[in-house]
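What follows is a single structure, written as structure tokens, with notes after it.
The values are calculated or read from the model by the stated rules, or taken from the named source; none is laboratory data. From a predicted model like this one, the values you see are computed outputs, not experimental measurements. So basically every Cβ, Gly included, is an ideal-geometry build from the backbone, and we count neighbours across all protein chains shown. With ligands, DNA and RNA removed, areas are computed over all heavy atoms of the protein, side chains included. Shrake-Rupley method; radii C 1.70, N 1.55, O 1.52, S 1.80 Å.
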Amino acid sequence: LNTMCLLNFGGLRAPINKGDITIGNIFELMPFDNEIVIVSLSPTQVKQMLIYLFEKHGQPIANTIALLSGNKNRLTIGRKAYTFERHIYVITSDYLAKGGDKMSFFKESKMIQTGVLMRDALLQYVVETGELPVFEINGRIQFIK
């Protein structure tokens with residue numbers, strides 16, 4: 001499946017320092033009731049999304065690498081080059097899927113609701129593992145000439 005995650009920098013509202021994590025910390029980090037949703041994007045919408053990422057100087061993404069130059073953008077999803085021939089699925093928040101943070105490329109898409117709040121999913125992960133996830137983020141978005 002061609003599936004990636006796209007969020008926005010404004011969705012996280014507070015730092016969490018090393019040490020014990022409280023439920024209050026998670027609510028400070030994610031104070032909004034944003035639901036996890038899945039959105040299908042057409043190849044044209046994917047191109048619009050990459051232009052948006054270029055103009056915004058990036059946003060948080062996962063399971064993908066975006067090489068951005070403004071007019072010749074490339075995308076790798078799950079280690080496979082995307083050829084702009086098929087729809088992709090984007091995991092995001094309902095706020096963004098409805099065009100929040102000027103992500104208008106989502107607006108014409110069908111949104112699949114999960115019924116799970118982003119904050120609750122993170123809280124469940126912390127309860128189960130006792131820690132916050134740590135991900136390597138270098139190189140997910142690269143600006144090229």
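A Cβ distance below 6 Å, combined with a sequence gap of six or more or placement on separate chains, defines the contacts here; from the stretch 17-46, residues that are assigned to a strand (DSSP E or B) reach residues that are of a type in the set (D, E, K, R) in the pairs Glu35/Asp94; Val37/Asp94; Ser40/Lys110. Determine whether the stretch 101-120 contains at least one residue that is within 30 Å of Asp20 (Cβ to Cβ) and of a type in the set (Asp, Glu). Scanning the stretch 101-120, I find at least one residue that is within 30 Å of Asp20 (Cβ to Cβ) and of a type in the set (Asp, Glu), so the answer is yes.
Regarding Gly100, is this residue at positive phi and not basic (Lys, Arg)? So that I can check it myself, show each step before the final result.
Numbers: at positive phi: no; not basic (Lys, Arg): yes.
So Gly100 does not fit the description; no.
Can you tell me which residues in the stretch 60-77 are farther than 27 Å from Val126 by Cα and either surrounded by fewer than 15 Cβ atoms within 10 Å (Cβ to Cβ) or in contact with a Lys or Arg (Cβ under 9 Å, 6 or more places away or on another chain) (or both)? If the condition is that a residue be farther than 27 Å from Val126 by Cα and either surrounded by fewer than 15 Cβ atoms within 10 Å (Cβ to Cβ) or in contact with a Lys or Arg (Cβ under 9 Å, 6 or more places away or on another chain) (or both), then Ala66, Leu67, Leu68, Ser69, Gly70, Asn71, Lys72, Asn73 are the ones that fit. Of the residues making up the stretch 84-113, just one is touching a strand residue (DSSP E or B) at 6+ places or on another chain (Cβ under 9 Å) and free of Cβ contacts under 8 Å to residues at least 40 places away in the same chain, namely Lys98. Only residues that are open to solvent by 100 Å² or more (accessible area, probe 1.4 Å), under 18 Å from Thr64 (Cα atoms) and among the charged types (D, E, K, R): list them for the stretch 120-145, please. Passing the criteria: only Glu136.
Screening Tyr89 on (1) assigned to a helix (DSSP H, G or I); (2) among the aromatic types (Phe, Trp, Tyr); (3) closer than 17 Å to Val37 by Cα shows it passes everything except condition (1).
Among what's in the stretch 1-59 and is surrounded by 13 or more Cβ atoms within 10 Å (Cβ to Cβ) and basic (Lys, Arg), pick the residue that is farthest from the chain's Cα centre (by Cα). Once the filter is applied, the top-ranked residue is Lys47. The residues of the stretch 1-52 that are closer than 19 Å to Val127 by Cα and among the basic types (Lys, Arg) amount to a single one, Lys18.
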